[in-house]
Amino acid sequence: MNSNKLLDAKGLACPMPIVKTKKAMTDLESGQVLEIHATDKGAKSDLTAWAKSVGHELVKHEEENDVFKFWIQKG
């Protein structure tokens with residue numbers, strides 16, 4: 001999956017992955033994709049709900065070696 005920007009949120013606890021994601025999304029144009037790497041288990045539900053509530057799309061997510069990876073397309 002291609003992304004326009006990578007956000008490393010590993011080691012951050014809730015709510016910091018969301019806070020950092022919100023800030024990173026402001027730098028992107030509509031249609032661009034932000035890739036987020038997080039280790040907080042709550043990030044999956046948090047990022048899914050947040051993206052939906054603000055009009056972005058969670059395109060893909062996967063888990064690899066205890067790192068949760070998300071790709072969110074800016075609405």
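The values are calculated or read from the model by the stated rules, or taken from the named source; none is laboratory data. This one's a predicted model, so the numbers in the text were calculated from it and none came from an experiment. Here Cβ is always computed from backbone atoms with ideal geometry, including for glycine, and neighbour counts include all displayed protein chains. Only protein heavy atoms, including side chains, enter the accessible area calculation; ligands, DNA and RNA are left aside. Shrake-Rupley method; radii C 1.70, N 1.55, O 1.52, S 1.80 Å.
Observations on the structure shown:
- Unique match (being of a type in the set (Ser, Thr, Tyr), modelled with pLDDT under 95 and open to solvent by 60 Å² or more (accessible area, probe 1.4 Å)) among Ser53, Ser45: Ser45
- Residue identified as out of contact with any helix residue (DSSP H, G or I) (no Cβ under 7 Å at 6 or more places or on another chain), under 15 Å from Val54 (Cβ atoms) and assigned to a loop (DSSP other than H, G, I, E, B) among Ser30, Ser3: Ser30
- Some residue of the range 19-41 being open to solvent by 30 Å² or more (accessible area, probe 1.4 Å), of a type in the set (A, V, I, L, M, F, W, C) and modelled with pLDDT of 95 or more: yes
- For beta carbons closer than 7 Å, sequence separation of 6+ or different chains, a first residue in the range 8-36 that is closer than 12 Å to His56 by Cα and a second that is among the aromatic types (Phe, Trp, Tyr), the qualifying pairs are Val33/Trp71.
- Matching residues, the range 8-37, being over 12 Å from Lys74 (Cβ atoms) and touching a Lys or Arg at 6+ places or on another chain (Cβ under 6 Å): Ala9, His37
- Just one of the listed residues (Trp71, Trp50) is aromatic (Phe, Trp, Tyr), out of contact with any helix residue (DSSP H, G or I) (no Cβ under 6 Å at 6 or more places or on another chain) and either part of a loop (DSSP other than H, G, I, E, B) or touching a residue at least 24 places away in the same chain (Cβ under 8 Å) (or both), and it is Trp71.
- Of everything in the range 6-18 that is open to solvent by 70 Å² or more (accessible area, probe 1.4 Å) and outside any loop (DSSP other than H, G, I, E, B), the residue that is modelled with the lowest pLDDT is Met16.
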